[in-house]
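Asker: Encoded as structure tokens, here's the structure I'll be asking about.
Just so it is clear, none of the values below were taken in a lab; they were calculated from the coordinates. Here the structure is a predicted model, which is why all the values come from computation and not from measurement. Methodologically, a virtual Cβ is constructed for each residue, glycine included, from the backbone with ideal geometry; neighbour enumeration extends over all protein chains shown.
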Amino acid sequence: MAEDENETEEPEEPDEEITREDAVSAFEELPGIGELKAEALWEAGFGSLEDLSDATADDIAEAEGIGPKLAESIKDGLDELQAVKSVPDTLADMMELQGMTPEAAESLNEAGITSRDDLKRVRYQELAAVPDVGEALAERIKDQVINEEEALKTFQEFDGVGVKKSQNIWDAGYRTRYDLRRATTAELALIEGIHSRLADNIKQEVGDEPLSPSDRMIEVAESEEMYPVRETSDLEDEIAEVMDEMESVDLPASVISDIAVHWQDTDGTREELEEILRRAEEEYHANRIDSTEAAGIVSAQSIGEPGTQMTMNTFHYAGVAEIDVTQGLPRFIEIVDARRTPSTPMMEVYIDEDVPDDEDAVREVGTRIETTLLKDVADVDIDLGTGTVNVRPVPRHLDRKFIEVEEIEDELVGVKDIDIDQEGDTYVLTPEESSYRQLLSVSEEVRNLKIKGISDIERVIIRKAGDEWVIYTEGSNLAAVMAVDGVDTSRTTTNNFREINEVLGIEAARRGIIREANKTLEEQGLNVDQRHLMLVADVMTADGTIRPIGRHGISGEKPSVLARAAFEITVNHLLEAAVIGERDPLKGVAENVIVGQPVRLGTGAVELSANTDAFKDAELPDFEMPELPEHMASEDELAEREDEEEGEAADGEQAPPADEEEAGEPAEATPVEEE
């Protein structure tokens with residue numbers, strides 16, 4: 001009977017044997033589980049997700065590299081996977097929508113919405129009112145299920161938007177009113193046929209709630225449109241666990257992250273990983289400075305001394321003779337002073353790989369960036385006889401800028417207080433007020449009317465850099481340029497690091513400071529250690545903002561009165577400190593040098609003293625004093641040396657000739673030989 005009971009408790013064998021690869025692949029779907037941990041679960045005897053579901057968290061935690069915390073996370077992940085699998089097959093199509101949850105799918109099913117066609121027909125307000133859906137998910141769902149025909153009809157409801165312009169909006173990537181609401185007016189004005197005033201009208205109708213530039217860049221990065229995101233957090237955790245088991249290895253998180261990026265594409269063994277970690281630790285500790293090293297003073301000297309050799313000139317940009325860029329000492333001063341706008345702002349715009357490697361295709365991208373005014377593509381004249389301003393588009397200029405005549409007409413409509421008539425290819429503008437002053441005013445406004453491009457980008461130069469095309473710009477507008485189709489957003493950059501901070505964040509701005517400082521020094525033929533420039537950038541961005549190095553920034557915030565006074569406006573600093581009774585702790589370098597006392601850095605940071613009483617009764621080892629050179633020896637020592645030399649010479653005269661020894665006669669032993 002007992003045998004029968006044991007037979008009933010034994011689990012049935014699966015129809016198909018689960019392979020190691022299948023099990024490991026299934027385990028990697030769980031949160032916090034990478035390849036190494038998945039392998040460890042297999043080695044611990046877990047052959048499937050069902051095995052993990054049946055096991056307790058304590059059982060899972062016993063696997064190598066799986067602790068109690070990760071075991072609980074695995075159990076939670078199994079519950080979520082089970083919830084997804086429990087969704088009826090009829091809702092499988094809806095579950096493929098981004099952001100859809102099992103709870104929301106069930107609620108939609110109960111509300112009678114069971115397919116994508118239902119999601120298309122239901123109104124947004126009704127969809128948002130369904131439990132577990134809400135407004136945010138409803139917007140995401142509508143964005144994914146809407147079709148082109150319905151979207152074009154929606155766009156044509158805006159005043160001034162017809163069939164062609166609605167198609168241009170769709171081609172630009174906008175699908176719903178929600179997309180238009182998230183875009184800025186400047187971004188909408190980049191759409192072909194949508195002039196700035198029409199963009200303003202659209203924004204007024206849909207509501208102006210744009211994402212910040214940094215949020216937009218994060219959204220692009222998360223969607224992997226800018227560049228594929230390489231997830232290494234699980235591998236970093238596994239490497240950290242390997243280090244814990246090794247005990248003797250200690251590396252910072254940044255080094256672990258770098259190792260994970262290069263390790264994830266290899267098939268190395270654990271022994272090889274351990275060897276890499278040991279060597280990385282050796283290199284890391286070999287490159288660390290001592291805790292008392294005067295890093296700031298060394299960096300200042302490293303940068304300041306070559307800085308005295310920098311010129312004061314403005315040079316042509318490397319490889320682009322048409323663009324003058326401030327370089328040398330003036331540019332370096334702009335960097336350390338963190339000027340809000342460089343004296344010669346410029347950008348390097350790289351072309352996306354999807355754009356054909358053809359100069360005409362690149363030039364078309366350039367025309368979307370470069371500001372094109374009406375006077376660049378049309379002749380604008382004043383007719384005093386009729387009191388009108390005549391605008392005649394020049395076809396060859398339009399073709400060169402990839403501009404249609406309709407775009408000029410769209411922009412002219414936005415000019416206030418004029419009537420527009422068309423006579424052949426000429427647009428006749430009649431001011432409502434008939435006066436010469438008004439004619440001049442209208443003429444000037446029309447001449448400078450922006451037809452295409454991005455504000456602040458005055459000119460673009462296209463050059464071949466190696467095997468690819470690069471667009472160099474006079475002027476900078478990073479956020480707008482990154483929104484242009486055909487631009488490689490992962491490499492495009494600007495020399496305005498404050499703009500980088502606004503668009504990409506403080507870490508990117510720090511990299512921009514390092515790059516600009518290094519480039520400025522290299523262009524002058526000067527070599528400065530990269531780490532010293534990194535230290536300057538770190539200090540400038542340490543609090544999350546960009547601070548200048550000067551009395552209005554870092555130097556003016558020093559706790560030492562003497563250090564502040566030594567920098568500039570000495571008398572003011574001393575008077576202000578005296579009035580409020582400020583104390584100087586004398587902890588820095590400059591203030592200690594001023595008062596003439598040792599600096600508590602380097603050798604000055606160590607205090608050693610010898611206890612001479614401990615050596616009074618100590619027995620010293622016997623040793624022979626080395627012989628002093630003649631110019632340092634006393635007369636008695638020199639006389640003693642002469643006597644020794646004479647005695648050695650006399651002993652040498654008593655030795656028999658060499659030929660007598662060869663004849664076999666025994667030689668008389670000298671005293672030295674006897675000894």
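Asker: Given a Förster distance of 51 Å, report the FRET efficiency between residue 641 and residue 593 from their Cβ-Cβ distance, rounded to the nearest 0.05.
Answerer: On the way: r = 50 Å, r/R0 = 0.98.
The computed FRET efficiency comes out at 0.50.
Asker: If the chain between residue 353 and residue 44 were fully stretched, how many nm would it gain, using 0.36 nm times the residue separation less the Cα-Cα distance? Walk me through the numbers before you get to the answer.
Answerer: On the way: separation 309, 0.36 × 309 = 111.24 nm, distance 4.61 nm.
Taking 0.36 nm per residue and subtracting the Cα distance, the gain is 106.6 nm.
Asker: Then there is this: Where a ≥ b ≥ c are the square roots of the eigenvalues of the C-alpha gyration tensor, would you call segment 18-85 rounded, which needs a/c under 1.5, or, failing that, prolate if a/b is larger than b/c, or oblate?
Answerer: Numbers: a/c = 1.42, a/b = 1.03, b/c = 1.37.
Note, shape of segment 18-85 comes out rounded.
Asker: Quote the Stokes-Einstein diffusion coefficient, in whole µm² s⁻¹, for segment 233-286, based on the Kirkwood radius over alpha carbon pairs, a temperature of 10 °C and a viscosity of 1.306 mPa s.
Answerer: Details: Rh = 11.1 Å.
Calculated translational D: 143 µm²/s.
Asker: Which Cα, out of 555, 567, 593, lies furthest along the positive dipole direction of segment 555-595 (beta carbon charges, K/R +1, D/E -1)?
Answerer: Result: 593.
Asker: Sorted by average packing, counted as other Cβ atoms within 10 angstrom per residue and highest first, what order do 70-76, 129-135, 268-274, 498-504 take?
Answerer: Top to bottom by mean Cβ count within 10 Å: 498-504, 70-76, 129-135, 268-274.
Asker: Can you grab the distance from the C-alpha centre of segment 380-435 to the C-alpha centre of segment 511-525, Å, no decimals?
Answerer: 47 Å
Asker: Something else now. Relative to a virtual label point 7 Å from the Cα of residue 381 in the Cα→beta-carbon direction, which members of segment 406-442 show backbone nitrogen distances below 15 Å?
Answerer: 423-429
Asker: Give me the number: length gained by fully extending residue 242 to residue 22, i.e. 0.36 nm times residue separation minus the C-alpha to C-alpha distance, one decimal in nm. Mind dumping the intermediate values first?
Answerer: On the way: separation 220, 0.36 × 220 = 79.20 nm, distance 2.49 nm.
Residue separation times 0.36 nm, minus the Cα-Cα distance, leaves 76.7 nm.
Asker: Using a Cα-Cα cut-off of under 29 Å, which lysines could be cross-linked to residue 450, ignoring same-chain neighbours fewer than 8 residues away?
Answerer: 153, 164, 165, 203, 375, 401, 416, 464
Asker: Further, regarding this structure: Select from 429, 484, 385 the residue farthest towards the positive end of the dipole of segment 371-494; place +1 on Cβ of Lys and Arg, -1 on Cβ of Asp and Glu, and compute about the Cα centre.
Answerer: Most positive-ward Cα: 484.
Asker: Mind checking the log10 I(q)/I(0) for segment 372-452 at q = 0.20 Å⁻¹? Debye, one equal scatterer per Cα, no solvent, two decimals.
Answerer: Normalising to I(0) and taking log10 leaves -0.82.
Asker: How far is it, in nm, from the label point at residue 459 to the one at residue 409 when both lie 7 Å from their Cα along the line to the Cβ?
Answerer: 3.4 nm
Asker: Do any trypsin sites (Lys or Arg not before Pro) in segment 405-472 lie in a loop, going by DSSP, with at most 15 other beta-carbon atoms within 10 Å of their beta carbon, and if so which?
Answerer: Working: sites: 416, 437, 447, 450, 452, 459, 463, 464; in loops: 416.
Passing both the DSSP loop test and the Cβ count: 416.
Asker: Going by Cα centres, segment 280-294 and segment 162-184 are how many Å apart?
Answerer: So the separation of the two Cα centres works out to 55 Å.
Asker: Whole-Hz Karplus ³J(HN,Hα) for segment 269-276, in order, using 6.51 cos²θ - 1.76 cosθ + 1.60 and θ = phi - 60°, x for Gly and Pro?
Answerer: 8, 4, 4, 5, 5, 5, 5, 4
Asker: So between residue 490 and residue 163, what do we pick up on full extension, going 0.36 nm a residue minus the alpha carbon distance? Write out the running numbers ahead of the final one.
Answerer: Values: separation 327, 0.36 × 327 = 117.72 nm, distance 3.43 nm.
Net length gain for the segment: 114.3 nm.
Asker: Among 467-480, 402-415, 568-581, 586-599, how do they line up by average Cβ neighbours within 10 Å per residue, starting with the highest?
Answerer: On the way: 467-480: 20.3, 402-415: 16.9, 568-581: 11.9, 586-599: 15.1.
By packing density, highest mean first, the sequence is 467-480, 402-415, 586-599, 568-581.
Asker: For segment 372-452, what is the charge dipole size about the Cα centre, in debye to the nearest 20, if Lys and Arg each add +1 at the Cβ and Asp and Glu each add -1 at the Cβ?
Answerer: On the way: 10 positive and 20 negative charges, 95 e Å.
For this selection, approximately 460 debye.
Asker: Residue 465's amide H: which non-local residues (gap 5+, or another chain) put their own amide H closer than 5 Å, with H modeled 1.01 Å from N in plane and none for Pro or chain starts?
Answerer: 470
Asker: Hey, if you put +1 on the Cβ of every Lys and Arg and -1 on every Asp and Glu Cβ in segment 18-85, which of 57, 46, 77 ends up farthest toward the positive end of that dipole?
Answerer: Highest projection toward the positive end goes to 77.
Asker: Given a Förster distance of 60 Å, report the FRET efficiency between residue 152 and residue 522 from their Cβ-Cβ distance, rounded to the nearest 0.05.
Answerer: Working: r = 52 Å, r/R0 = 0.87.
The formula returns an efficiency of 0.70 here.
Asker: Cross-link candidates for residue 558: which lysines have Cα within less than 28 Å, leaving aside residues fewer than 8 places away along the same chain?
Answerer: Leaving aside lysines fewer than 8 places away in the same chain, those within reach of residue 558 are 587.
Asker: Reachable lysines from residue 37, Cα under 18 Å, same-chain residues fewer than 8 places away excluded?
Answerer: In chain and number order, the partners are 69, 75.
Asker: Right, another one. Apply 1/(1 + (r/R0)^6) to the Cβ-Cβ distance of residue 204 and residue 337, taking R0 = 35 Å, and write down the FRET efficiency to the nearest 0.05.
Answerer: On the way: r = 41 Å, r/R0 = 1.16.
Result of the calculation: an efficiency of 0.30.
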